[in-house]
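What follows is calculated from the coordinates using simple rules that are stated; it is not laboratory data. None of these values were measured; they are calculated from a predicted model. As a convention, Cβ positions derive from the backbone with ideal geometry for all residues, glycine included, and neighbour counts pool all protein chains shown.
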Amino acid sequence: MPLWSTAAACAAMGACYIGYRKNMHQWIVHDTFRAVWMKIFFRKPTKTHLLFAFVDHFEPGNRKADPARQIERVSAWTEHYPEMAGCHRDADGVHPQHTFFFPPHYDSHDHLPRIVDLCSRGFGEVEMHLHHDHQPPWPDTEVTLRNKLLDCIERFSRCGVFCLPDGRKAYGFIHGDWALANSRKGGAFCGVNNETALLKETGCFADFTFPVSNESQPWLTNTFFYGNSFSDRPKGYACHPIPMTVGKPAPADRLLLMQGIIGLRWKSRKTAHKPSIEQSNIDASDSPTPGRVDYWVNKWIHVSGRPDWVFIKVHTHGAREEDRDVLLGEGADRLFRYLEEAYNDGKRFVLHYVSAREMYNIARAAEAGKSGDPNLYRDFVVPRYVYLNPH
């Protein structure tokens, strides 16, 4: 074998090994086929509505913060987010919406009421973020998990969280450590295979956990889909997923999974000469540069049959001090300024800042065949929570 062939084979084997170590095999095949299909067959609409959602695994006690530090972290958001976000508006006059997925094990020291007050002023909403192993009993069973979900709903409802005007309860969900439906190795961080069925049973309208480049990531990438659920096997959502499609009714027995962008991105946070894995995470080490925003847009996540409504969902762990500039300061200001300058001209693009709930509603409206201005459908299925004042 010629020397160059040997070198090429070794390089390919090395790349495959690195990809396997980074769990790229979980998602790269579908993402590659999707990219090729869109390059050859897809034609972008002349006018596109861009729906932008920022979801936060908001953990005041992250990294074992003591009570005083937790209180200061929440104060940073309640004081500084309105200052920054209040300077920005979308095409509908709505400020950037920050959805706080809040864990019940940090429901202390008035954290939740203060966050709810921030949201009631027009800056976001609160949903559920659950770490099974941070609340007793652990490990979980179907019975103990159901009890934890119902207990969280009951406790948070004292602030109007999850409460709908007609008395029903509904919530969006992010799983701690990305271990939805017992999908991590050895059952770590979960323990319940049919978790998505229990979520739906207790009022969850959609899961917002993914993307992530580990064994939990669904093979169906950059797609909103309805996941399966099995009591005798983990990661059931990846078995025969049903993509959201215009005119195709939502399956009554399945939970919707609303994913953010995942893929290979050149000009990465570390080097311009080799790719990094884009996982839609925002922090100080991977800031939302204009080039990165363009990458998100060009992934063109949409409900099949409604390509003129494009969805971008990014996530963060927003309580940490080192990420404040990129979330509350100049870094965040640059992100929203670029979105408003590049994607809100009213001709090629129309920008809409949405909460997780509103993103779900607008996707369901697309599924139901609605068209035109998605702003009309922010409350299409799940109405506004009772603690929210009108925009």
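Students often get this wrong, so check it: of LYS185/LYS274; LYS47/LYS169; LYS47/LYS313; LYS148/LYS299; LYS148/LYS185; LYS274/LYS347, which have C-alpha atoms separated by over 27 Å?
Going by Cα-Cα distance, LYS185/LYS274; LYS47/LYS169; LYS148/LYS299; LYS274/LYS347 fall outside the 27 Å limit.
For the stretch 49-377, with the dipole built from +1 on Lys and Arg beta-carbon atoms and -1 on Asp and Glu ones, taken about the Cα centre, which of PRO67, PHE100, SER216 lies farthest toward the positive end?
Looking along the dipole axis, the top candidate is SER216.
Given springs between every Cα pair under 10 Å in a Gaussian network model of the chain, which of ALA206, ALA250, ALA68 has the largest fluctuation?
ALA68
Counting helices only, and only those DSSP H runs with n ≥ 4, report the 222 nm mean residue ellipticity of the chain as the sum of -39,500 (n - 2.57) divided by its residues, in deg cm²/dmol to the nearest 500.
-9500 deg cm²/dmol
For the stretch 135-270, what does the equivalent ellipsoid look like in terms of its semi-axes, each the square root of 5 times an eigenvalue of the Cα gyration tensor, given largest first in whole Å?
For the stretch 135-270, the semi-axes come out at 25, 19, 16 Å.
Given the options TYR171, TYR353, TYR377, state which has the largest fluctuation in a GNM of the chain using a 10 Å cut-off (strictly under) for Cα springs.
Residue with maximal mean-square fluctuation among TYR171, TYR353, TYR377: TYR377.
Based on alpha-carbon centroids, what's the gap between the stretch 236-260 and the stretch 82-156 in Å, whole number please?
So the separation of the two Cα centres works out to 24 Å.
Report, in order of residue number, the helices in the chain meeting two criteria: a C-alpha extent of 15 Å or more along the helix axis, and a mean Kyte-Doolittle hydropathy of at least 0.0; treat each whole DSSP H run as one helix.
Both cut-offs are met by 3-21, 28-41.
Rounded, prolate or oblate: pick one for the chain, where a ≥ b ≥ c are the square roots of the eigenvalues of its C-alpha gyration tensor, a/c under 1.5 means rounded, and failing that, prolate if a/b is larger than b/c, else oblate.
rounded
Out of the stretch 123-221, which GluC sites (Glu not before Pro) are coil in DSSP terms and have no more than 16 other C-beta atoms within 10 Å?
Listed in order of number, the matching sites are GLU215.
If neighbour count is taken as other Cβ atoms inside 10 Å, put VAL326, VAL354, VAL386 in order from fewest to most.
If I rank by nearby Cβ atoms, fewest first, I get VAL386, VAL326, VAL354.
Take the chain, mark every one of the trypsin sites (Lys or Arg not before Pro) that falls in a DSSP loop and has at most 10 other Cβ within 10 Å, then report the longest stretch left between them, sites excluded.
Answer from the scan: 65-269.
Rounded if a/c is under 1.5, else prolate if a/b is larger than b/c, else oblate: which is the stretch 247-348, with a ≥ b ≥ c the root eigenvalues of its Cα gyration tensor?
Cα axes put the stretch 247-348 in the prolate bin.
Can you give me the relative contact order of the stretch 49-377 as a percent, contacts being Cα pairs under 8 Å and 6 or more apart?
24
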